Amino acid sequence: MSRVCNVCRIEKNISEFYGGRYKCKNCVNAAARKIRKEQPERYARYKKRANEYLKERRYGITQEEFDIMLVDQNNMCKICNTEFKTTKDTHIDHCHDTNIVRGLLCNNCNLALGQFNDNTDNMDNAIRYLQNS
């Protein structure tokens, strides 16, 4: 299945388009790069709105709730107490079964929980392994 891009007018495979858009991925990305370069303040506003939207859509929390969590955690990872340098370093940890937000983590701690599939038995085994090695 194919579609013609409204910008470059080239017929491309449907996989070359984001969702139901009529601009191909190359044209969408080129426009975003142009805006980022020529209008950085507009791009910053867009990114801020997009991040806030994703927090609400994915995790059901508002930017205000996120900010409160940051303050409650003293701007630190809830597991290793590493200070977050930027909000980009801050990951929203949630239960994959219930989607309930548990806290804010650094990248390493967030990845570690994910690698253990949130399984506390595996985590306990890893602790015993480290203690006995």
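Please work out which residue is nearest to Lys48 (Cα to Cα), limiting yourself to region 66-101 and to residues that are among the hydroxyl-bearing types (Ser, Thr, Tyr) and surrounded by 12 or more Cβ atoms within 10 Å (Cβ to Cβ). Steps first, answer last, please.
We begin by selecting, within region 66-101, every residue among the hydroxyl-bearing types (Ser, Thr, Tyr); these are 82, 86-87, 90, 98.
When the remaining residues are screened for being surrounded by 12 or more Cβ atoms within 10 Å (Cβ to Cβ), the result is 82, 87, 90.
Working: Thr82: 24, Thr87: 11, Thr90: 15 Å.
Here the answer is Thr87.
Just one of the listed residues (Gln63, Gln39) is loosely packed, with under 13 Cβ neighbours inside 10 Å and polar (S, T, N, Q), namely Gln39. Taking the conditions (1) more than 30 Å from Gly103 (Cα to Cα); (2) modelled with pLDDT under 95 in turn, Lys12 satisfies each one other than (2).
Based on this model, can you work out whether Asn125 counts as modelled with pLDDT under 95 and either exposed (fewer than 11 other Cβ atoms within 10 Å of the Cβ) or polar (S, T, N, Q) (or both)? Let's see the steps before the verdict.
Working: modelled with pLDDT under 95: no; either exposed (fewer than 11 other Cβ atoms within 10 Å of the Cβ) or polar (S, T, N, Q) (or both): yes.
In short, no.
Here is the figure for region 1-42: residues that are among the polar types (S, T, N, Q) and part of a loop (DSSP other than H, G, I, E, B) total 2.
Can you spot a residue in region 24-33 that is surrounded by fewer than 12 Cβ atoms within 10 Å (Cβ to Cβ), over 30 Å from Cys109 (Cβ atoms) and of a type outside the set (Asp, Glu)? Yes: one or more hits.
Collect the residues in region 82-133 that are in a strand (DSSP E or B) and farther than 23 Å from Thr62 by Cβ, keeping them in residue-number order. Walk me through how you get there before you give the answer.
Initially, region 82-133 is screened for residues in a strand (DSSP E or B), giving 83, 91-94, 101-105.
Passing the criteria: only Glu83.
If I ask for residues that are basic (Lys, Arg) and surrounded by fewer than 13 Cβ atoms within 10 Å (Cβ to Cβ), which ones from region 42-60 would you list? The answer is Arg42, Arg45, Lys47, Lys48, Arg49, Arg57, Arg58. All conditions but one from (1) polar (S, T, N, Q); (2) on the phi < 0 side of the Ramachandran plot; (3) exposed (fewer than 12 other Cβ atoms within 10 Å of the Cβ) apply to Asn107; the one that does not is (3). Residue selection: Ile68 satisfies the criterion of being within 22 Å of the chain's Cα centre (by Cα), more than 23 Å from Leu111 (Cβ to Cβ) and in the same structural domain as Gly114 (by TED's automatic domain parsing).
The values are calculated or read from the model by the stated rules, or taken from the named source; none is laboratory data. Because the structure is predicted, anything quoted here is derived from the model rather than measured. So basically every Cβ, Gly included, is an ideal-geometry build from the backbone, and we count neighbours across all protein chains shown.
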